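Only one structure is covered here, and it is reproduced in the block below.
The values are calculated or read from the model by the stated rules, or taken from the named source; none is laboratory data. No experiment lies behind these values; they were computed from the predicted model shown. Backbone-built Cβ (ideal geometry, glycine too); neighbour counts: all protein chains shown.
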Amino acid sequence: MDILKTINELGKGTWLKYGLIETIVNMLMFLLIAYFLRRLCTRYIQKHVKVNAKFVNRIVKITLYTIAIYACLSLLTPFNDVLGKVWGSAGIIAVVLGFAAQESMGNFVNGILITTFKPFKIGDLVKVNNGEYEGYVVDISLRDTVIQTYENTKVIIPNSTMNKAVLENVSLNNNAKANFLTLDISYESDIDRAMEIIREEIKKHPDYQDGRSEQDKANHTEEVVIRLTSFNDSSITLRATVYSQSNAQGFAMLCDLRLAIKKRFDKEGIDFPYPHRTVTFKEPREKD
């Protein structure tokens, strides 16, 4: 016991606020409290926070451990002396840090705004600045937002840029996603039969969804709307509106439909136009 008392007296009143053993115990206690509080907060966030839970969990973790480290350092006498001088010049330091970390703080604040107002969340399919970047949101950190593109690359965009960008959140649409299937047929082809084939193939596809509202169904609106959109030099353009559950599913469905419709057109004599060139050879003139 005398040995413990002797060890505990080391540094007391000089560089330690309390004894050595007391300081170590208190530091461990602060860190353990922060650890268990973080575990409890993580469980609560996972159960009750449905949007951007990872971002909220990071903020809670940083806050708890910052408080715990501050509490540990406050047990050291030199830290308290330095802290008193720091508080005396807090205004100047705040201005300097504000200028130095202006961009970082801006990204942090914009990250909180994104989490609060929820223009998008992790897992959403988004298009940034009219399709400049397009993909799924895989992470929202304290500094930036990470988007995974269709090419399986990751685009890292600062939160301040993301919060100011023109953003299309495809996932916010709870209804079916509209896709356009555009096909050109020759002028000699049977337009009515071509439309009928397109409509049949669309309805047969397993990923196709009926995008009509209840009012449209009551008004007997056509399930698959096909329109003639333009007369071209050697073709007529038909466009069908096709609905699917998601953008990615819609892309795959359009690819399948192009193949199926091409086979049906070949069987029923409906031609896809292709460039023709007529070459005329002039006979040489006879000399007089």
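Structure values in brief
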read-out: Unique residue being over 30 Å from G135 (Cβ atoms), surrounded by 13 or more Cβ atoms within 10 Å (Cβ to Cβ) and either acidic (D, E) or in contact with a helix residue (DSSP H, G or I) (Cβ under 6 Å, 6 or more places away or on another chain) (or both) when the list is I197, I236; value: I197
read-out: In the stretch 133-149, the residues that are touching a residue at least 60 places away in the same chain (Cβ under 8 Å) and either touching a Leu at 6+ places or on another chain (Cβ under 6 Å) or part of a loop (DSSP other than H, G, I, E, B) (or both); value: S141, L142
read-out: Residue that is nearest to I62 (Cα to Cα) [pool: residues in the stretch 97-138 that are modelled with pLDDT of 85 or more and of a type in the set (V, I, T)]; value: V138
read-out: Some residue of the stretch 263-273 being in a helix (DSSP H, G or I) and in contact (Cβ under 8 Å) with a residue 12 or more places away in the chain; value: yes
read-out: Among (1) surrounded by fewer than 14 Cβ atoms within 10 Å (Cβ to Cβ); (2) under 23 Å from I59 (Cα atoms); (3) in contact with a Gly (Cβ under 7 Å, 6 or more places away or on another chain), the one test that N159 misses; value: (1)
read-out: So Y65, is it loosely packed, with under 15 Cβ neighbours inside 10 Å and either in contact with a Leu (Cβ under 8 Å, 6 or more places away or on another chain) or in a helix (DSSP H, G or I) (or both); value: no
read-out: Residue within the stretch 24-46 that is out of contact with any His (no Cβ under 6 Å at 6 or more places or on another chain), more than 17 Å from N57 (Cα to Cα) and either at pLDDT below 75 or not in a helix (DSSP H, G or I) (or both) present; value: no
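Listed here are the residues, each with its yes/no results for (1) within 41 Å of the chain's Cα centre (by Cα); (2) modelled with pLDDT under 90; (3) exposed (fewer than 10 other Cβ atoms within 10 Å of the Cβ).
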{"site": "S244", "(1), (2), (3)": "yes, yes, no"}
{"site": "F251", "(1), (2), (3)": "yes, yes, no"}
{"site": "R258", "(1), (2), (3)": "yes, no, no"}
{"site": "K262", "(1), (2), (3)": "yes, no, no"}
{"site": "F265", "(1), (2), (3)": "yes, no, no"}
{"site": "F272", "(1), (2), (3)": "yes, yes, no"}
{"site": "T278", "(1), (2), (3)": "no, yes, yes"}
